[in-house]
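Undergrad: Mind having a look at this structure? Questions to follow.
The values are calculated or read from the model by the stated rules, or taken from the named source; none is laboratory data. Being a predicted model, the structure only gives us computed values, none of them experimental. As a convention, Cβ positions derive from the backbone with ideal geometry for all residues, glycine included, and neighbour counts pool all protein chains shown. What goes into the accessible areas is simple: the full protein's heavy atoms, side chains included, and nothing from ligands, DNA or RNA. Shrake-Rupley method; radii C 1.70, N 1.55, O 1.52, S 1.80 Å.
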Amino acid sequence: MQREPDDVDGRSGRSDASDAHEVSDTHLVARLERLRARVAAALERPTVEPRSPTDLASLVERLERDVDASLAALISERDRNRRMDHQFGELVEVVTALAGLDYSQQATVYEGQDDAINALAIGLNMMGEELANSTAALIRARDEALAANRAKSTFLANMSHEFRTPLNAIIGYSELLYDEQAGSADPLVLRDLGRINSAARHVLNLIQDTLDISKIEADKIELDVRPIELRRIVEDTTATILPTAEQRGNRLDCTVEIVTEHILGDATRLRQILLNLLSNACKFTENGVVALAVTERPGAAERWIDFAVRDTGIGIPKDKQQRIFEAFTQADGSTTRIYGGTGLGLTISRRLCEMMGGTLTVSSVVGVGSTFTAAIPVLPVPESVIL
Amino acid sequence: MAKSIETRTEVITFGNDGIVRCKVKPTEAHTLADAEENVRATAELTEGRRLPLILDARKAKGITREAREYYTGPANAAVVMATAMIIDSSVGKIIGNFLIRVNRPPFPFRLFSDEDSAYAWLVEIRAAHADDAAGAR
């Protein structure tokens, strides 16, 4: 209810929150002056003509009571509005602090203050407490997870070292024995020595993959970028994978159509990506074709090389094509049993491609084959360096 | 005959109808010490039995986080079968919603605006518990 300026009736004069800002000290003084004027006027021309000094005294007393009551109501209203303004200011400060992720500020709840404002203060305080607590719990959980991850990485690094030392001895000695016995020993002994060597190399590769993914997850791998001759890396890699391809009755094709022969890159990691893709293709293809096509995208402002590994193998169902890039995942559980592997090769390859600023994608049709394409941006080696 | 205990923040009464009534006094916000005292007093009145409870929070002025956790934790769950919280203000609504949505008591907990509806709901809960107990036997 809007209150008239000259309304002196304390009972009807309760102001609501909407006129809170109208009640200032100046306003109060003005209203008080008007009240005084009304009292003076009433005394000069009383509505009820005083018949005696007693009547006059009674009239004065009544007017004084009215003025006192009105004044008390006005002062109470002014104080309430001041508290309300102050509390609103506090609420704004608390909300501002919360918005800035500072949960330490608390709004004051005032006795006798407007219920809705107190509710806001209590609600904000409880939200602040909960947010502070949840944030602290999340930080603790994150720190624990980071510590556990560091411990895992250290454990893996130590264990891989412990495994690799005897495995290298097994590989070395089995090769030595093979060479020594090559001309004279029983073919079955040579076959067994070959199997020992192959199994040991397999375990060594698994350990290396596990270590790699652990390093990648811990952001501990750095690319060793140097001038490299791309065609030579491709040729070396295909030469390495050729025996594997032939073992599965596959034909290995390779085409290189590039303009930029010398690039700046990490030869070891590039070779690792190509070996992963080619060995996967050989693993899932039997009596088919595995083809590596290296092409440079023509006309692009930035130089990109696409390494596409195509096979005519079993293919990958559409709904599994993204999962295969997740660590320890193959298209389905039976794949691991039939074809072996840790399921880390593609994860490592994709992460390495991403570290190089590129991508690794797949397109595949079940029963027809798959094509994995590693697209990598390259910088040419300056002529002065090549010479 | 109804038995009653008055704590710093509540008047807790256990009547012949087997329902505990906690009336929140218009004191300042409940602290953990208040929560412990009130739960202890409830357990004393009910002699450790799990019973329905009406929490008249119409005069509530606030509650600390520790107290909220205690009221919705195992100590209170050991003496409370279900809580019907009576509220009639924005303060009560905020506290009640926090208890339900954030603290999530492990027993039935519902907000009401009057005691009759609260009582009727608790009687239903108690009957369901009695049926479950009979079924289990």
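Undergrad: Looking at the structure I just gave you, is A:SER184 touching a Gly at 6+ places or on another chain (Cβ under 9 Å), exposed (fewer than 11 other Cβ atoms within 10 Å of the Cβ) and not in a helix (DSSP H, G or I)?
TA: Spelling it out, it is not the case that A:SER184 is touching a Gly at 6+ places or on another chain (Cβ under 9 Å), exposed (fewer than 11 other Cβ atoms within 10 Å of the Cβ) and not in a helix (DSSP H, G or I).
For every residue, the table says whether it meets (1) within 14 Å of A:ALA200 (Cα to Cα); (2) in contact with a helix residue (DSSP H, G or I) (Cβ under 6 Å, 6 or more places away or on another chain).
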site: A:GLU144; (1), (2): no, no
site: A:ALA147; (1), (2): no, no
site: A:ALA151; (1), (2): no, no
site: A:ASN158; (1), (2): no, no
site: A:LEU167; (1), (2): yes, yes
site: A:GLY172; (1), (2): yes, no
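Undergrad: Need pairs with beta-carbon distance below 9 Å; first residue of a type in the set (Ser, Thr, Tyr) and within region A:120-143, second at pLDDT below 90; sequence gap 6+ or separate chains.
TA: Short answer, once both residue conditions are applied: A:THR135/A:LEU101; A:THR135/A:TYR103.
Undergrad: Would you check if A:GLY343 is in a loop (DSSP other than H, G, I, E, B), modelled with pLDDT under 90, surrounded by 15 or more Cβ atoms within 10 Å (Cβ to Cβ) and not aliphatic (A, V, I, L, M)?
TA: yes
Undergrad: Of the residues B:ILE54, B:ILE125, B:ILE100, B:ILE86, which is of a type in the set (A, V, I, L, M, F, W, C) and within 14 Å of chain A (Cβ to nearest Cβ)?
TA: On inspection, the qualifying residue turns out to be B:ILE100.
Undergrad: Follow-up. Scan region B:94-103 and give yes if some residue there is under 14 Å from the mean Cα position of the chain (by Cα) and among the basic types (Lys, Arg), otherwise no.
TA: No, there is no match, as no residue in region B:94-103 is under 14 Å from the mean Cα position of the chain (by Cα) and among the basic types (Lys, Arg).
Undergrad: Hey, among the residues in region B:16-30 that are more than 13 Å from chain A (Cβ to nearest Cβ) and open to solvent by 30 Å² or more (accessible area, probe 1.4 Å), which one's modelled with the lowest pLDDT?
TA: Ranking the qualifying residues of region B:16-30, first place goes to B:ASN16.
Undergrad: Do the conditions hold for A:ALA245, that is, is it free of Cβ contacts under 8 Å to residues at least 40 places away in the same chain, over 17 Å from A:GLY358 (Cβ atoms), surrounded by 15 or more Cβ atoms within 10 Å (Cβ to Cβ) and among the small types (Gly, Ala, Ser)?
TA: no
So that you can scan it fast, the table gives a plain yes or no per residue for (1) small (Gly, Ala, Ser); (2) at pLDDT below 95; (3) not assigned by TED's automatic domain parsing to the domain that holds A:VAL378:
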| residue | (1), (2), (3) |
| --- | --- |
| A:ALA239 | yes, yes, no |
| A:PRO243 | no, yes, no |
| A:ARG251 | no, no, no |
| A:ILE258 | no, yes, no |
| A:GLU261 | no, yes, no |
| A:ALA267 | yes, yes, no |
| A:GLN272 | no, yes, no |
| A:LYS283 | no, yes, no |
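Undergrad: Within region B:62-82, how many residues are within 9 Å of another protein chain (Cβ to nearest Cβ) and either of a type in the set (Lys, Arg) or within 10 Å of the chain's Cα centre (by Cα) (or both)?
TA: 2
Undergrad: Just checking, how many residues over region A:121-135 are under 18 Å from B:PRO26 (Cα atoms) and either open to solvent by 30 Å² or more (accessible area, probe 1.4 Å) or more than 9 Å from every other protein chain (Cβ to nearest Cβ) (or both)?
TA: 0
Undergrad: Kindly establish whether B:THR83 is under 26 Å from B:ALA120 (Cα atoms), assigned to a helix (DSSP H, G or I) and either open to solvent by 10 Å² or more (accessible area, probe 1.4 Å) or hydroxyl-bearing (Ser, Thr, Tyr) (or both).
TA: It is false that B:THR83 is under 26 Å from B:ALA120 (Cα atoms), assigned to a helix (DSSP H, G or I) and either open to solvent by 10 Å² or more (accessible area, probe 1.4 Å) or hydroxyl-bearing (Ser, Thr, Tyr) (or both).
Undergrad: Restricting attention to region B:12-29, which residues are free of Cβ contacts under 8 Å to residues at least 24 places away in the same chain and more than 16 Å from the chain's Cα centre (by Cα)?
TA: B:ASN16
Undergrad: Among the residues of region A:256-287, how many are of a type in the set (Asp, Glu) and closer than 14 Å to A:VAL381 by Cα?
TA: So the answer is 2.
Undergrad: Check region A:95-102 and report whether any residue there is free of Cβ contacts under 8 Å to residues at least 12 places away in the same chain, on the phi < 0 side of the Ramachandran plot, part of a helix (DSSP H, G or I) and within 14 Å of chain B (Cβ to nearest Cβ).
TA: Checked region A:95-102: no residue is free of Cβ contacts under 8 Å to residues at least 12 places away in the same chain, on the phi < 0 side of the Ramachandran plot, part of a helix (DSSP H, G or I) and within 14 Å of chain B (Cβ to nearest Cβ).
Undergrad: Given the options B:LEU45, B:LEU55, B:LEU122, name the one that is open to solvent by 20 Å² or more (accessible area, probe 1.4 Å), over 18 Å from A:MET127 (Cβ atoms) and hydrophobic (A, V, I, L, M, F, W, C).
TA: That would be B:LEU55, the only listed residue that is open to solvent by 20 Å² or more (accessible area, probe 1.4 Å), over 18 Å from A:MET127 (Cβ atoms) and hydrophobic (A, V, I, L, M, F, W, C).
Undergrad: Which one is nearest to B:ARG58 (Cα to Cα) among residues in region B:1-13 that are open to solvent by 20 Å² or more (accessible area, probe 1.4 Å) and in contact with a helix residue (DSSP H, G or I) (Cβ under 7 Å, 6 or more places away or on another chain)?
TA: B:ARG8
Undergrad: Give region A:251-287 a look and list any residue that's open to solvent by 40 Å² or more (accessible area, probe 1.4 Å) and part of a strand (DSSP E or B), or say none.
TA: A:ARG251, A:ASP253, A:CYS254, A:THR255, A:GLU257, A:HIS262, A:LEU264
Undergrad: Now, a different point. Take the residues in region A:288-299 that are modelled with pLDDT under 95 and in a loop (DSSP other than H, G, I, E, B); name whichever of them is most open to solvent (accessible area, probe 1.4 Å).
TA: Out of the qualifying residues, it is A:PRO298.
Undergrad: When A:ILE213 is evaluated against the numbered criteria (1) among the hydrophobic types (A, V, I, L, M, F, W, C); (2) touching a helix residue (DSSP H, G or I) at 6+ places or on another chain (Cβ under 8 Å); (3) within 14 Å of chain B (Cβ to nearest Cβ), which criterion, by number, is the only one it fails?
TA: Only one criterion is unmet by A:ILE213, namely (3).
Undergrad: With at pLDDT 90 or above and loosely packed, with under 14 Cβ neighbours inside 10 Å as the only criterion, which of A:GLU222, A:GLU235, A:GLU229 stands out?
TA: It is A:GLU235.
Undergrad: Just name the residue that is modelled with the lowest pLDDT out of those in region A:106-148 that are among the polar types (S, T, N, Q) and not in a helix (DSSP H, G or I).
TA: Step by step, filter region A:106-148, then rank; the result is A:GLN113.
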